[in-house]
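Data block below; observations after.
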């Protein structure tokens, strides 16, 4: 349903009013009040109507303006510098002018969501809009760019054309997530956003989508709870990933032509996914037209994704390929088939730009030919991981790929290096590939200097860390991980070079945070020196470099005493910089004292404790990220669920995050039984996180089976490799 809105706001004279459209007239009212009448809106959906009444200040002009509280106004300069450029980029990319006369972006100190795309009046959490170059990290800067780009993309996908019903929410969120990377790439070419997409969106959502309890991208919705549940990684990350896949198999010119026609025909109206498929089909040449609906229905209406198994016949230069649904618990689902745009290359003449399908793989099995006949030439499928699927190979081909990584890894495209490790570690987790072979593949990382390759594999290694953290071999596992990280730790040093790329900065942060977490002596020593220098100076502003702060703070709290914790808590309460507040708050979760952590957790359910409700989920997530926190967080959930529900159920998005964080690391049958008892006691309130609960149970069962199946193999591998 769409309508026009005529808005009038009565406010005190010392306040300012904003709405979707510009003010058309202001009149005086009795008692020191004024009334602002706004221009009538264009036809739009009801959920996009918004207004703000505040004492905020702004920078910009009548066409594009950014607002913040007065003592934070200097931090809007970055978002103001990129916002108009990204808006103009989208006008050209979509071949459709922005239809409103102005754009206001507003930073809100208290905001449950990350941002909201209200047409012409976009609201943000402060960390998603404000950037202070003296206080905020490169990661903070990229987050601002990404969220601004995402919300401005919604001005077309979501606002100009809106999904007909919430079952196609992914049309809004998947498209905005995909093109947000294009918008940021336009203003920051050197950030390699197209490559970052793999580690930020595609591979993380593949983990969630490998559960039986996942759901299709387009899913029927019958009540408000189901609407809220759909605002998850599947709608955003998988939606974006299959749109990216579609862009590659259609090619960029065809994709843009179809999208532009779709937006023009349905401006100020609603649409279903079939409307988009029709325009993308018609945008192709008749001679080799792909029926987009037939292809994409297999990706949007079915749960999960396939693993393509490749068994090479080296003598004949061919391979038998088959597809089945990939499930991380190793169970089988042979019923589902996808229309797979299959791409590949090989060692004879690697072509990393061969991203258009060489084969449409629509059946259970197929044969491909013209492969190398040499038993020393590798073969790799899913070039640049443009397809939303995993690939498994016969053992010899895996060994050839591992040999290539070991001898000269840069001969393989960086995205495919990231893909190979993600695939083989997930296949080992599912019991399809031997864990020894998968761990052999990780050894090359000691030579890997690309953040693009390191970023996604860190999540896989972290999973193994969580599974091993209470076992006798955890010390050897830490030693092995440190051997992978140390070459980059030594190479990058604590000195940031002027003008270094953001990816170098990200890699240093990843390597140094990991080294300190693994108790690397030099890392811990340097971090403590930084922290003590600050503490002894009694300066309220941290002198530590913004890019070092997160891991330095965490290391100091983990290796410090309660006085250090209180110092950080005091600094958290004093700072007015939103990004700094988050870093300090999350570092408080790094304590290794159970009573301190429990006290900290209680602040998330205690009124006026100093922890804002918008930050409660972040605190619980931070506690869940440490071995010491995980050991007590599950009990905190069981004992305080009623208070958590009362505090966070109105926030819609927070409660599933909290439940998932607090219960997500269960890996014992006793804990799983306790979760079942908890569910029986709290059935009604747990229904608010129903999908998250099902996913938690499935993950827990998978974790338990993982330890039973894989622990001995990993122990033997570590005993062989680490002396």
**Item:** Sorted by Cβ density within 10 Å, fewest first, the residues 9, 722
**Value:** 722, 9
**Item:** Rounded to 5, the percent of DSSP beta bridges in the chain classed as antiparallel
**Value:** 70 percent
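Would you mind ranking 105, 602 so that the residue whose beta carbon has the fewest other beta carbons within 10 Å leads the list?
Details: 105 25, 602 14.
Fewest-to-most Cβ neighbours within 10 Å comes out as 602, 105.
Specify whether the C-alpha gyration tensor of the range 269-308 places it in the rounded, prolate or oblate class, a ≥ b ≥ c being the square roots of the eigenvalues: rounded for a/c under 1.5, otherwise prolate if a/b is larger than b/c and oblate if not. Intermediate values should be presented prior to the final figure.
On the way: a/c = 4.13, a/b = 1.25, b/c = 3.29.
The shape class here is oblate.
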**Asked** For the range 461-525 and the range 577-605, what is the separation of their C-alpha centers, rounded to whole Å?
**Response** 22 Å
**Prompt:** Considering the values [x] 26.0, 92; [y] 29.7, 104; [z] 32.0, 129, which represents Rg and Dmax of the Cα atoms in Å as calculated for the structure under consideration?
**Reply:** [x]
**Prompt:** Order of 410-421, 257-268, 454-465 by packing, highest average Cβ count within 10 Å first?
**Reply:** 410-421, 454-465, 257-268
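Ranking request for peptides 622-628, 683-689: highest mean number of other beta-carbon atoms within 10 Å first, then the rest in descending order. All intermediate terms of the calculation are to be shown ahead of the outcome.
Details: 622-628: 19.6, 683-689: 15.0.
Output ranking for 622-628, 683-689: 622-628, 683-689.
Does the range 111-220 come out rounded, prolate or oblate, given a ≥ b ≥ c as the square roots of the eigenvalues of its C-alpha gyration tensor, rounded meaning a/c under 1.5 and, failing that, prolate meaning a/b above b/c?
Details: a/c = 1.80, a/b = 1.29, b/c = 1.39.
Cα axes put the range 111-220 in the oblate bin.
Do me a favour and compute the ellipsoid semi-axes for the range 608-723 from its Cα gyration tensor, root of five times each eigenvalue, largest one first, whole Å.
Values: eigenvalues 181, 61, 24 Å².
Computed over the range 608-723, the values are 30, 17, 11 Å.
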**Asked** Using the alpha carbon gyration tensor of the range 58-148, what are the three equivalent-ellipsoid semi-axes (square root of 5 times each eigenvalue), largest first, in whole Å?
**Response** 21, 14, 13
**Prompt:** What distance in nm separates the simple spin-label points at residue 459 and residue 563, each placed 7 Å from Cα in the Cβ direction?
**Reply:** 4.2 nm
**Request:** Starting from 0 in steps of 10 Å, tell me what percent of the Cα-Cα pairs of the range 306-414 lands in each bin.
**Result:** 14, 47, 33, 6, 0
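Only helical DSSP H runs with n ≥ 4 go in: add -39500 (n - 2.57) per run for the chain, normalise by residue count and round the 222 nm mean residue ellipticity to 500 deg cm²/dmol.
On the way: 27 runs with 357 residues, N = 723.
Per the formula, -15500 deg cm²/dmol.
Where a ≥ b ≥ c are the square roots of the eigenvalues of the C-alpha gyration tensor, would you call the range 1-130 rounded, which needs a/c under 1.5, or, failing that, prolate if a/b is larger than b/c, or oblate?
Working: a/c = 1.75, a/b = 1.17, b/c = 1.49.
Here the range 1-130 falls in the oblate category.
By count of other Cβ within 10 Å, fewest leading, how are 517, 647, 46, 8 ordered? List each step's numbers first, then the result.
Numbers: 517 24, 647 19, 46 9, 8 14.
In increasing order of surrounding Cβ atoms, one gets 46, 8, 647, 517.
Using packing as a proxy for protection, rank 356-363, 69-76 so that the peptide with the highest average count of other Cβ atoms within 10 Å comes first. Write out the running numbers ahead of the final one.
Values: 356-363: 15.8, 69-76: 17.5.
Highest mean packing first, the order is 69-76, 356-363.
Bear in mind these aren't lab numbers, they're just calculated from the coordinates by the rules spelled out. Just so we're clear, the structure is a prediction, and the values are computed from it rather than from any experiment. Virtual Cβ from ideal backbone geometry, glycine too; neighbours counted across all protein chains shown.
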